[in-house]
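One structure below.
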Ligand SMILES: [Zn+2]
């Protein structure tokens, strides 16, 4: 069986960071006003981590942790948007580009709704896609989950197609 290179491929990314009081909260590269923020190396941008893994996964490449190890000085202090930019370059080398992306952010804080438009715009910019090909929604668990109150979790799905 052979698959033509122009056939689309789907990628799934997932990430979860614990949150702590007083930490900066940057999601989709946008600094948000929030009393808690994700714990983690780099800027802890859990949304861009999940997105990067979805892009890499769809292209059949190594995952975020393998390509950008915590202990590699090249990436220490890197903005997570650098991971997306680098993944986009790797995709290009494989003659691939994103066709669409959809993301779910699961948390109690911050409330995604009021920041959604700004975050969506930034994602579209990073993925070099029109706005209607990028979507993002926030889900709170309405206090139904202790885990959701102490962490931010993101699921990302992307579709890739041939560049040419
Ligand atoms: Zn992460």
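The values are calculated or read from the model by the stated rules, or taken from the named source; none is laboratory data. For clarity, every value in this text was computed on a predicted model and none was experimentally measured. Quick reminder, even Gly has a Cβ in these numbers, built from the backbone with ideal geometry, and neighbours come from all protein chains shown.
May I ask you to list the residues in the range 18-32 that are surrounded by fewer than 20 Cβ atoms within 10 Å (Cβ to Cβ), in contact (Cβ under 8 Å) with a residue 40 or more places away in the chain and in contact with a strand residue (DSSP E or B) (Cβ under 8 Å, 6 or more places away or on another chain)?
If the condition is that a residue be surrounded by fewer than 20 Cβ atoms within 10 Å (Cβ to Cβ), in contact (Cβ under 8 Å) with a residue 40 or more places away in the chain and in contact with a strand residue (DSSP E or B) (Cβ under 8 Å, 6 or more places away or on another chain), then 18, 32 are the ones that fit.
Looking only at helices (runs of 4 or more DSSP H) that lie completely in the range 39-116, which have at least 2 residues being exposed (fewer than 15 other Cβ atoms within 10 Å of the Cβ)? Step through it out loud before you land on a result.
Working: elements: 46-58, 64-67, 80-93.
Helices (runs of 4 or more DSSP H) meeting the threshold: 64-67, 80-93.
Of the residues 77, 11, 22, 60, which is farther than 18 Å from residue 153 by Cβ and at pLDDT 95 or above? Break it down stepwise before answering.
Numbers: 77 fails: at pLDDT 95 or above; 11 fails: farther than 18 Å from residue 153 by Cβ; 22 fails: at pLDDT 95 or above.
Of the residues listed, the single one that is farther than 18 Å from residue 153 by Cβ and at pLDDT 95 or above is 60.
Take the conditions within 26 Å of residue 139 (Cβ to Cβ), in contact (Cβ under 8 Å) with a residue 40 or more places away in the chain and within 16 Å of the ligand (Cβ to nearest atom) and apply them to residue 50. Does it pass?
When the stated conditions are applied, residue 50 passes them.
Here's the yes/no breakdown for (1) under 23 Å from residue 150 (Cα atoms); (2) under 12 Å from the mean Cα position of the chain (by Cα):
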residue: 34; (1), (2): yes, no
residue: 45; (1), (2): yes, yes
residue: 68; (1), (2): no, no
residue: 74; (1), (2): no, no
residue: 89; (1), (2): no, no
residue: 92; (1), (2): no, no
residue: 97; (1), (2): no, no
residue: 105; (1), (2): yes, yes
residue: 129; (1), (2): no, no
